[in-house]
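Nothing in this text is a laboratory measurement; each read-out follows from the coordinates by a stated rule. The model shown is predicted, which means the values in this text are computed figures rather than measured ones. Positions of Cβ are backbone-derived with ideal geometry, glycine not excepted, and every protein chain shown enters the neighbour counts.
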Amino acid sequence: MATYRSEKPEDGPAIDALVRQGFGPGRYAKTAYRLREGVGFLSELAFVAELDGKLVATVRYWPIDVGGKSALMLGPLAVRNELRGQGIGIGLMEHSLSAARQRGHRAVLLVGDEPYYGRVGFKAVKPFGRITMPGPVDCSRLLGLSLAEGALESLSGHVGRAHLDDPVAAASAPLAVPTKQ
Ligand SMILES: CC(C)(COP(=O)(O)OP(=O)(O)OC[C@H]1O[C@@H](n2cnc3c(N)ncnc32)[C@H](O)[C@@H]1OP(=O)(O)O)[C@@H](O)C(=O)NCCC(=O)NCCS
C-alpha cells in the first residue's frame, strides 16, 4: 500500500521524470504551466507517494491570485504509468488537500477532467467565464474546490501569479490578457 510524505529536495529528479512521463513535451505550452513560470511551488504542500520505498507519484501546488484574492492551483499530479488505477492519485490529493485546509488555504483551482477530480470534490467553475485564465482553457475543465465554506463561490476575475520569485523566468512566459472562455 502506498504511503504519503512531504517532498524532499533530493526528490527533484524523480519528480521531473514522473511529470515528463505523465505529460510529455507539450506540457510547457499549457496555460497552467505558464502561471508557474517564475514562481516557486509551495514546498509545504508538495507531497509524494512511495510504494516499496520508491517514489511513485507527485503533487504540487502553486500560489495564485484570482481577482485580488489568494488561492491555490493544483498540479501537476502524476502517478507512475504502471501503477495507475490503484487509488494513489486520489489518495495523494486527499492527503495534500487536507494539509492545505489545515494550513488555512481556502480555495483550489485546477485544469483537468471533472469526472476524475470530482471524486475529491472539484466541480466546474460556473457560470463559465466568472473566473478567467491567462490563456486558452476549455471552460468545462476549469475546476474548483472550497476548503472553507463559500470560498470558491467568492472568487471571480482573472487568474494570475500570486507573486514573482524569478522575474527573468516570468518574462520569458508573459501572461496574456483575459480571454473570453
Ligand atoms: C490522472 C492520474 C493522476 C490518475 O492517477 P491514478 O493513481 O491512476 O488515479 P486513481 O487510481 O486514484 O483513480 C483511478 C480512477 O480514476 C479514473 N480516472 C483516471 N483518470 C481519469 C480521467 N482523466 N477522467 C475520468 N476518470 C479518470 C480511472 O478510470 C479509475 O477509475 P476506477 O476507480 O473506477 O477504476 C494518472 O493517470 C496520471 O498520472 N496521468 C498522467 C498525468 C495526468 O494526466 N495528470 C492529471 C492532469 S489533469
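Backbone amide hydrogens, once placed in the peptide plane, bring residue 158 within less than 5 Å of 67, 132, excluding anything fewer than 5 places away on its chain. Whole-Hz Karplus values for segment 159-165 come out as 8, x, 5, 5, 6, 10, 9 Hz, taken residue by residue from phi with 6.51 cos²θ - 1.76 cosθ + 1.60 and θ = phi - 60°; glycine and proline positions read x.
Label-to-label distance, residue 141 versus residue 84, with points set 7 angstrom from Cα along the beta-carbon direction: 1.4 nm.
Taking Cα centroids, how far is segment 53-106 from segment 109-168 in Å? Answer, in whole Å: 14. The lysine pair count for the chain, using Cα distances under 26 Å and pairs eight or more places apart or on different chains, is 11.
From largest to smallest, what semi-axes in whole angstrom does segment 3-164 give when each is the square root of 5 times an eigenvalue of its alpha carbon gyration tensor?
Working: eigenvalues 120, 55, 48 Å².
They are 25, 17, 16 Å, listed largest first.
By the helix-only formula, in which each DSSP H run with n ≥ 4 contributes -39500 (n - 2.57) and the sum is divided by residues, the chain has a 222 nm mean residue ellipticity of -6500 deg cm²/dmol. Paramagnetic label reach from residue 149 (point 7 Å along Cα→Cβ; backbone nitrogen cut-off under 15 Å): within segment 51-73, no residues. Relative to the longest principal axis of the Cα atoms of the chain, the long axis of helix 88-102 lies at roughly 60 degrees.
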